[in-house]
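This report refers to the structure that appears directly beneath it.
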Amino acid sequence: GAGWSRPAPPRRQEVGRLFAGVWSGTAIITGGTADAGTLWFAPLVATADPSARPRISDAAIAVAPHGAVLGIGAIDLAVDAGGSTVREIRHRIAERFGMPDDDARGLVDRLLHRQPPPAVVIDRVDCADDPDALIDELVVPLAAQARRRGIRLVLGFTGRPPADLP
């Protein structure tokens, strides 16, 4: 409506609270690796993703600044979309959740009905092999239903996200 503006993107402590709480919906992080103010995002997410955490040394976690490490399992899946095709991203999501990878619509429907609802991060959405296809096939359908279905979805963009993103 009139006077509505997009809220400021969340910062490290706010993202940490998002994954520690019971919220649902979609949060957007902008700036990505091109912005020194958001260089914290990828390592923060990697510390919580069960599949990424083993690749991070204990020493790196021990010296991380306060608020820079999330509890393991706070995020069910983190995907770096940079350079990846929609099919590769779909496959990664399907594999992580043990779902068939038949098509985007079916995968989105299974994620939306998954119990318990997942916490998913897709970073560098706009750096995917075909960002428009990724946004149309996966991001928009998930974002549109995330709050209603109890999903915690965090989307990272290196630039500005689409203005019509739900």
| In sequence order, calculated HN-Hα J values of the range 155-162 (Karplus, 6.51, -1.76, 1.60; Hz; x Gly/Pro) | 10, x, 10, 6, x, 7, x, x
| said: Within 9 Å, Cβ to Cβ, of residue 157, how many net charges do the neighbouring residues add up to if Lys/Arg are +1 and Asp/Glu are -1? | reply: 0
| request: At a temperature of 37 °C and a viscosity of 0.692 mPa s, determine how fast the range 110-164 diffuses translationally according to Stokes-Einstein, using the Kirkwood radius over alpha-carbon pairs as Rh; express D in µm²/s, rounded to the nearest whole number. | output: 282
| note | Under the Karplus relation with 6.51, -1.76 and 1.60 and θ = phi - 60°, whole-Hz ³J(HN,Hα) for the range 112-124, x at Gly and Pro, equal 5, 9, 5, 10, x, x, x, 10, 10, 10, 10, 9, 6
| field | Virtual spin-label span in nm between residue 144 and residue 113, 7 Å along Cα→Cβ | value | 1.7
| message | 5 Å is the cut-off here: which amide hydrogens, built 1.01 Å from N in the peptide plane, fall below it relative to residue 154, excluding neighbours closer than 5 in sequence? | response | 27, 120, 121, 122
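Coordinate-derived values only; no laboratory data. A quick note: this is a predicted structure, and the numbers were derived from the prediction, not measured. Note that each Cβ is placed from the backbone with ideal geometry, even for glycine, and that neighbours are counted across all protein chains shown.
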